[in-house]
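To start, the structure itself, in structure tokens.
Bear in mind that the values in this text are calculations on the coordinates, not laboratory data. Remember, it's a predicted structure, so these values are computed and weren't measured experimentally. With ideal geometry, Cβ positions are generated from the backbone for all residues, glycine too; neighbour counts draw on all protein chains shown.
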Amino acid sequence: MAKTILVIEDNQQNMYLTTFILEKHGHEVIQAWDGRQGIEAAMQNTPELILLDIQLPEMDGYAVAASLKANPLLAKVPIVAVTSYAMAGDKERILAAGCNGYIEKPINPETFIEQLSIFLKQPAGEGA
Ligand code: MN
């Protein structure tokens, strides 16, 4: 089932690949290239899923996740961190920041949608 998915990612290649895969599977993608743009886009569109890069300019993904989860209108929207950070402590920090899960970069086009499927099946958040 088609979902509206907000992708917050500053790397062009990753953004294009992520968008391509999601749109190929029928989802609508909203692109944001930094954290502030991402938070604004989330407030304007109330997406059903947010994919969040952790390494972002100015405001990193941890701060973005914390800000999104602090907003009562957005708190129920699942956030999946997409990150090249692979250390155990980083994963804990990602979840502690409010992310519901994470996918490790590099993105594997063969398994990406499957990795997201559990989050795409979750009931929609507020306002959807
Ligand atoms: Mn990045």
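Here are a few things to note about the model shown:
- Residues of the stretch 70-92 that turn out to be within 16 Å of the ligand (Cβ to nearest atom) and farther than 22 Å from Met1 by Cβ, as a count: 6
- Lys76, sole failed condition from (1) part of a loop (DSSP other than H, G, I, E, B); (2) in contact with a helix residue (DSSP H, G or I) (Cβ under 9 Å, 6 or more places away or on another chain): (2)
- When residues in the stretch 37-54 are screened for being within 12 Å of the ligand (Cβ to nearest atom) and assigned to a helix (DSSP H, G or I), 1 of them pass.
- Answer from Gly89, Gly101, Gly61, Gly38 - the residue that is of a type in the set (Gly, Ala, Ser) and more than 10 Å from the chain's Cα centre (by Cα): Gly89
- Of all positions in the stretch 70-82, at least one carries a residue that is more than 16 Å from Glu9 (Cα to Cα), of a type in the set (Gly, Ala, Ser) and out of contact with any Leu (no Cβ under 6 Å at 6 or more places or on another chain).
- Set Lys91, Lys24, Lys105: member being among the basic types (Lys, Arg) and touching a residue at least 12 places away in the same chain (Cβ under 8 Å): Lys105
- Against the conditions (1) more than 14 Å from the ligand (Cβ to nearest atom); (2) buried (at least 16 other Cβ atoms within 10 Å of the Cβ), Tyr62 satisfies every one except (1).
- Yes/no for Tyr102 being in a helix (DSSP H, G or I), touching a helix residue (DSSP H, G or I) at 6+ places or on another chain (Cβ under 8 Å) and of a type in the set (Phe, Trp, Tyr): no
- Odd one out for Pro57, checked against (1) within 15 Å of the ligand (Cβ to nearest atom); (2) surrounded by 14 or more Cβ atoms within 10 Å (Cβ to Cβ); (3) not basic (Lys, Arg): (2)
- Test for Ser67: is it buried (at least 17 other Cβ atoms within 10 Å of the Cβ) and either assigned to a loop (DSSP other than H, G, I, E, B) or away from the ligand (no atom under 14 Å from the Cβ) (or both): yes
- Candidate set: the stretch 1-36, residues that are surrounded by 19 or more Cβ atoms within 10 Å (Cβ to Cβ) and part of a strand (DSSP E or B); chosen: the one farthest from the ligand (Cβ to nearest atom): Ile5
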